[in-house]
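Contents: one structure, followed by commentary.
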Amino acid sequence: MTNIKENLYHIQEKIHRTCLRSGRDPDTVRLVAVSKKQPVEAIMEAMAAGHTLFGENYVQEAQEKIERIDGARWHFIGHVQSNKAKTVAALFDCIHTVDRLKLAKALDKQAGALGKVLTVLVQINVGEERQKSGVLPEKAEQLLTELRAFANLRVRGLMTMPPYKSDPEEVRSYFRTLREMADNFRDKGCFAGPESYELSMGMSGDFEVAIEEGATLVRIGTSLFGPRLA
Ligand SMILES: *Cc1c(COP(=O)(O)O)cnc(C)c1O
């Protein structure tokens, strides 16, 4: 059986040590526990161990869980279809995966209807992979500029899923590129809250490298919860 409490402790320890080793304040990195395809009981176990921030990828699955669980905060980290904007805007505190104007427009409208300001990140396809979501790097500045028009969206940073590599050192350059892009966008005033920004990057296999390169949100699933259900 997966010992979620123990895994959580070890992951938090690694986050802490990586921060200290790279001269960062551990309070600037948050763990998003990726609970997609994990049962409610697993989420409850993490909550019993003191964790409250979870990431989900699929709208319907997330909705069913969120209705059954009190006291957690939820981030959406999957691909959002524009026709799901209403549900996503209602259920989540932060959407990591805004990658096109049409989706931003739909989220802004729904957030407005809910009287809510929605925190969003712009997903960048840093590896320029054909099959992946995310705006291409050369189109990112235009999208960020367009997002300023939306009063109900608070654009706080960037997110990426780099190409898969078995050696985490091989993804370092993608994380670094994302940080350099974010520095540039911050200097141009693209983010709400100009003092800081969020960088959502790093998963089970590469989160330490991501933290060394500036991640503020690490999205960790399998090394916390064990293998996902099919
Ligand atoms: C599933 C998923 C994760 C978690 O991946 P693990 O390798 O299980 O840690 C992180 N980010 C996104 C966008 C995901 O879809």
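Just so it is clear, none of the values below were taken in a lab; they were calculated from the coordinates. What you are looking at is a predicted structure, and each value in this text was computed from that prediction instead of being measured.
So what J values fall out for the stretch 15-25 if you push phi through Karplus, 6.51 cos²θ - 1.76 cosθ + 1.60 with θ = phi - 60°, rounded to Hz, Gly and Pro as x?
Listing the rounded values in order: 4, 4, 5, 5, 4, 4, 4, 9, x, 10, 6 Hz.
Considering the stretch 109-180, what Rg and Dmax in Å follow from its alpha-carbon atoms?
14.5, 45
Given Cα pairs under 8 Å that are at least 6 residues apart, what percent is the relative contact order of the chain?
21 percent.
Could you work out the relative contact order of the stretch 174-214, using alpha carbon pairs under 8 angstrom and six or more residues apart, expressed as a whole percent?
Dividing the mean separation by the residue count of the stretch 174-214 yields 46 percent.
Bin all alpha-carbon pair distances of the chain at 5 Å intervals from 0 and give each bin's fraction as a whole percent.
Bin by bin from 0 Å, the calculated values are 1, 7, 15, 19, 20, 18, 12, 7, 1, 0.
Residues with amide H under 5 Å of THR97's amide H, sequence separation 5 or more or different chain, H placed in the peptide plane at 1.01 Å from N; which?
Amide H to amide H, under 5 Å and 5 or more residues apart or across chains, THR97 pairs with LEU121.
How big is the gap, in Å, between the Cα center of the stretch 58-130 and the Cα center of the stretch 137-214?
17 Å
Given N residues in the stretch 1-106, what is its alpha carbon radius of gyration divided by 2.2 N^0.38 Å?
1.19
At 0.36 nm per residue, and after removing the present C-alpha to C-alpha distance, how many nm does the segment from LEU53 to GLU67 gain when stretched out fully? Display every interim value, and only then the final one.
Working: separation 14, 0.36 × 14 = 5.04 nm, distance 1.53 nm.
3.5 nm is the gain from fully extending LEU53 to GLU67.
Considering Cα pairs under 8 angstrom that are at least six residues apart, work out the relative contact order of the stretch 158-230 and quote it in whole percent. Show your work: numbers first, answer last.
Numbers: 89 pairs, mean separation 21.1, N = 73.
Dividing the mean separation by the residue count of the stretch 158-230 yields 29 percent.
In 10 Å bins starting at zero, report the fraction of Cα pairs in the stretch 110-230 per bin as a rounded %.
Result, from short to long distances: 13, 41, 32, 13, 1 percent.
Residue by residue through the stretch 171-179, which ³J(HN,Hα) values in whole Hz follow from phi under the Karplus form 6.51 cos²θ - 1.76 cosθ + 1.60 (θ = phi - 60°), with glycine and proline marked x?
9, 3, 5, 5, 5, 5, 4, 4, 5
For the stretch 203-212, what does the Karplus curve 6.51 cos²θ - 1.76 cosθ + 1.60, with θ = phi - 60°, yield as ³J(HN,Hα) per residue in whole Hz, taken in order and with x for Gly and Pro?
These are the phi-based 3J(HN,Hα) values: 10, 3, x, 9, 5, 5, 4, 4, 5, 4 Hz.
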